[in-house]
Amino acid sequence: MAKRVVLAYSGGLDTSVAVRWMIEHLGVEVVCLSADVGQEGTLDGNREKALGAGAIAYEELDLRQEFADDFLAPLIKANALYEDQYPLVSALSRPLIAKKQVEVARKYGADGVAHGCTGKGNDQVRFEVSYMALAPDLEQLAPVRNWGFTREDSIEYAGRHGIPVGATKEKLYSIDDNLWGRAIECGEMEDPWAEPPDGVWKMTRPTATEPAQFTLSFEKGVPVALDGQAKPLFEIIIELNHLVGSYGWGRIDMVENRRVGIKSRETYEAPGALAVILAHRDLESLTVERDLGRQKIALQHKYAELVYDGLWYSPLRDALDAFIDVSQEHVTGDVRLRLEPNRCWVVGRRAPRSLYDYGLATYDAADRFRHADSEGFVRIWGLGVQTWSDVQGPGSQR
Ligand code: ARG
């Protein structure tokens with residue numbers, strides 16, 4: 001049995017109660033780790049809450065830059081959207097937090113790691129599979145999955161043990177957010193037919209009314225500048241969340257397949273993420289050779305699935321990243337996007353190594369395409385279908 005564990009600590013009711021509960025029922029010492037991955041809520045007060053609940057130590061890490069550079073950048077290059085829609089907001093932060101828990105565990109000589117996820121979701125899978133990949137020697141604890149508390153039980157337990165928790169009034173939604181977007185679950189949305197109430201949206205409140213444009217610049221598939229101003233990726237994403245979100249664009253409403261076999265209605269807002277992927281895909285259309293681009297599209301679903309399913313640390317992702325990195329060699333250039341209320345779309349793109357050839361594409365006098373070559377090309381291209389038609393197909397039935 002573990003003696004000292006590092007808990008991924010959000011500061012919410014569940015993880016605060018988990019600190020005390022693990023001390024009481026498992027006899028362990030608890031070190032709390034809070035991570036800033038760009039979520040909206042502040043971590044202020046987490047230290048007091050963690051220590052107040054009985055933790056022997058508290059660590060706080062600003063992971064925004066590392067999150068953007070090591071987790072969001074590969075995802076952007078891959079254009080990974082789970083089931084074609086979800087930009088993997090929560091799925092990306094878990095492997096990073098798990099990695100930091102392992103580092104903190106080494107620092108404190110801990111022999112276990114713990115998280116506050118329930119048994120029904122994907123996040124338990126992502127935490128634990130990451131622990132298994134990075135530190136198979138550490139014991140894994142999932143108190144929330146085991147204690148069988150209702151929300152009322154947790155509030156009562158916190159009160160009985162003098163655990164300082166924030167607002168304990170009826171919490172309607174389960175929210176997880178970071179730089180890359182925000183997931184909103186539960187409440188009325190558990191009915192897939194019910195429209196999400198307006199109050200659930202935070203990042204995509206439409207306030208802007210005047211049309212606007214912005215230019216996003218990429219280097220080897222990664223955003224490096226906004227409107228000509230070079231800045232770190234995490235700052236570009238924060239700015240885009242505000243800008244694009246102010247047009248009310250970037251909402252997702254879907255029914256998705258969880259790893260544990262449940263179909264779940266999910267609402268997300270990810271204005272920056274969706275705008276970046278939209279722009280990146282567009283730049284690839286200009287700079288990536290056709291067959292390479294098609295093969296990459298075939299792989300991007302696999303990439304999204306493995307990230308969703310908790311396999312960030314896996315040999316398959318390493319291999320896919322190697323392929324994707326090669327594909328991004330010339331994905332350098334600018335994409336211009338236009339914003340209008342509830343809309344965001346690409347209106348222009350350019351690249352130093354663009355494969356767009358004006359002489360081939362134009363219909364005007366500069367045309368250099370050899371039209372006559374097409375005659376023989378098309379005749380041979382269609383030969384198989386022509387033979388089929390003569391013998392077995394529509395032609396033979398006439
Ligand atoms: N369904 C999403 C996912 O599995 C979001 C999970 C969000 N977590 C939460 N506690 N609300 O990635």
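Residues that are under 17 Å from Ala91 (Cβ atoms) and crowded, with 22+ Cβ neighbours inside 10 Å do occur in segment 232-241. When segment 206-226 is filtered for residues that are exposed (fewer than 13 other Cβ atoms within 10 Å of the Cβ) and touching a residue at least 12 places away in the same chain (Cβ under 8 Å), the ones remaining, listed by number, are Thr207, Thr209, Pro211, Gln213. Being acidic (Asp, Glu) and in contact (Cβ under 8 Å) with a residue 40 or more places away in the chain is true of Asp111.
Identify the residue in segment 58-94 that is hydrophobic (A, V, I, L, M, F, W, C) and over 23 Å from Glu128 (Cβ atoms) and, among all such residues, is surrounded by the fewest Cβ atoms within 10 Å (Cβ to Cβ). If we take residues in segment 58-94 being hydrophobic (A, V, I, L, M, F, W, C) and over 23 Å from Glu128 (Cβ atoms), then Ala73 is surrounded by the fewest Cβ atoms within 10 Å (Cβ to Cβ). Glu195 falls short of the stated requirement of being closer than 24 Å to Ala55 by Cα, more than 14 Å from the ligand (Cβ to nearest atom), loosely packed, with under 15 Cβ neighbours inside 10 Å and not hydroxyl-bearing (Ser, Thr, Tyr). If only residues of segment 181-192 that are among the charged types (D, E, K, R) and farther than 29 Å from Glu239 by Cα are counted, the one that is nearest to the ligand (Cβ to nearest atom) is Glu190.
Hey, could you check segment 53-94 for residues that are of a type in the set (Phe, Trp, Tyr) and under 20 Å from Tyr268 (Cα atoms) and say which is farthest from the ligand (Cβ to nearest atom)? Filtering first and then ranking leaves Phe67. Could you check how many residues of segment 106-133 are away from the ligand (no atom under 16 Å from the Cβ), within 21 Å of the chain's Cα centre (by Cα) and under 27 Å from Ile175 (Cβ atoms)? Total satisfying the criteria: 1.
Readers should treat all values here as calculations from the given coordinates under stated rules, not as data from a laboratory. If you're wondering where the values come from, they're calculated on a predicted model, not measured in any experiment. Positions of Cβ are backbone-derived with ideal geometry, glycine not excepted, and every protein chain shown enters the neighbour counts.
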